[in-house]
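Have a look at the structure below, then the notes.
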Amino acid sequence: MAFFKDIVLKTYKQRLESGERRNDIIDIIMDEIKRTRTGGAQKQEFEDEFEKGAALDTTEIKERNYTDEESILVANAVLFFFAGFDTSAFGIGVVSHKLCLYPELQEKIYEEIIDVVGIDGKITPEKLGALKYMDMFISEALRMSEMVPSTERVCTKNYQIPGTNVVIPKGKVVTIYTEDFTQLEENFINAKEFDPENFNPENNPNKFAFQTFGQGPRNCIGMRYALMVMKVAFINILRKHRMVRGSTMQDKLKMTPEMTHFMGGLPATFVKRED
């Protein structure tokens, strides 16, 4: 942790002295600290519904006094780093497993990559955003992985569950088990099967039934970074190679009790494409 703290603080001080900007997480946090210190209002703009749902409502906060700016910067930058890298590694493993199990769907992703990016084309944010089928495949692989069996939230006010007399008191930690509602047909059109079309917007998937990254203001801070890394990785792998299931690959991935890696590994073979 000391290593990361040293890097962030050195970068922070260098930016203050030079005025250099790179539009990264450090610049974002520095801008927020400066904005709240001066009391400047800023209209929020959102890329999509996920980002809109994640926005924090700070309209009732009259004053925010950041007394330890360095600690705020280090905490958020390191959280972003670990949240992004951990979810990226996990996601690449889960999606790779499904690519090996469903070679016909792997070819659909390959065709989309060639159409959008090209065999040697430059990868850009716009092209990453245009890979719609890959987006659906990744989301479906994560939905079916069952690697995030529950999520926890603190109740911020007394809440009566609709249709019951049960009241969840303010301050209570609520554990939400996700497996059941990921398998309901009312949430996904083909909930019991692995089918990327479950995330086709035309099929009205229930976003709250997909909790790999969470939803709302407490969702995963590293989600966008993790998805970007996964898509870049699979573009570079699949446009030149096929992923083939290894002889000892299991039909269902299982994590070790420590939740550090997949039991039995992820045996796969990379076969160079000739076409």
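The values are calculated or read from the model by the stated rules, or taken from the named source; none is laboratory data. What you are looking at is a predicted structure, and each value in this text was computed from that prediction instead of being measured. For neighbour counting, all protein chains shown are included, and Cβ atoms are generated from backbone atoms with ideal geometry for every residue, glycine included. Please note that ligands, DNA and RNA were not included when accessible areas were found on the heavy atoms of the full protein model with its side chains. Shrake-Rupley method; radii C 1.70, N 1.55, O 1.52, S 1.80 Å.
Remarks
- If you filter region 230-275 down to residues that are among the hydroxyl-bearing types (Ser, Thr, Tyr) and closer than 20 Å to SER88 by Cα, you find that the one that is modelled with the highest pLDDT is THR256.
- Evaluated against (1) at pLDDT 80 or above; (2) over 20 Å from the mean Cα position of the chain (by Cα), SER88 falls short on exactly one condition, (2).
- Within region 138-178, tally of residues that are farther than 23 Å from LYS98 by Cα, touching a Gly at 6+ places or on another chain (Cβ under 9 Å) and aliphatic (A, V, I, L, M): 1
- Each residue in region 99-116 was checked for being open to solvent by less than 40 Å² (accessible area, probe 1.4 Å), of a type in the set (D, E, K, R) and out of contact with any Phe, Trp or Tyr (no Cβ under 9 Å at 6 or more places or on another chain), and 0 of them qualify.
- Among residues of region 117-166 being modelled with pLDDT of 90 or more and on the phi > 0 side of the Ramachandran plot, the one that is surrounded by the most Cβ atoms within 10 Å (Cβ to Cβ) is GLY118.
- Options PHE181, PHE208: the member that is farther than 24 Å from GLU104 by Cα, without any contact (Cβ under 8 Å) to a residue 40 or more places away in the chain, touching a helix residue (DSSP H, G or I) at 6+ places or on another chain (Cβ under 7 Å) and not in a loop (DSSP other than H, G, I, E, B): PHE181
- Only residues that are open to solvent by 40 Å² or more (accessible area, probe 1.4 Å) and without any contact (Cβ under 8 Å) to a residue 24 or more places away in the chain were counted in region 12-31, giving 13.
- Hits in region 211-233 (condition: outside any helix (DSSP H, G or I) and more than 16 Å from PHE82 (Cβ to Cβ)): GLN211, THR212, GLN215
- Scan of region 212-246 for residues that are farther than 25 Å from ALA130 by Cβ, open to solvent by 30 Å² or more (accessible area, probe 1.4 Å) and either free of Cβ contacts under 8 Å to residues at least 12 places away in the same chain or in contact with a strand residue (DSSP E or B) (Cβ under 9 Å, 6 or more places away or on another chain) (or both), ordered by number: ARG218, VAL244, ARG245
- Evaluating THR269 against the criteria (1) open to solvent by 40 Å² or more (accessible area, probe 1.4 Å); (2) touching a residue at least 60 places away in the same chain (Cβ under 8 Å) leaves one unmet condition, (2).
- Residues satisfying the criterion are absent from region 234-247 (criterion: part of a loop (DSSP other than H, G, I, E, B), touching a Ser or Thr at 6+ places or on another chain (Cβ under 6 Å) and within 30 Å of THR124 (Cβ to Cβ)).
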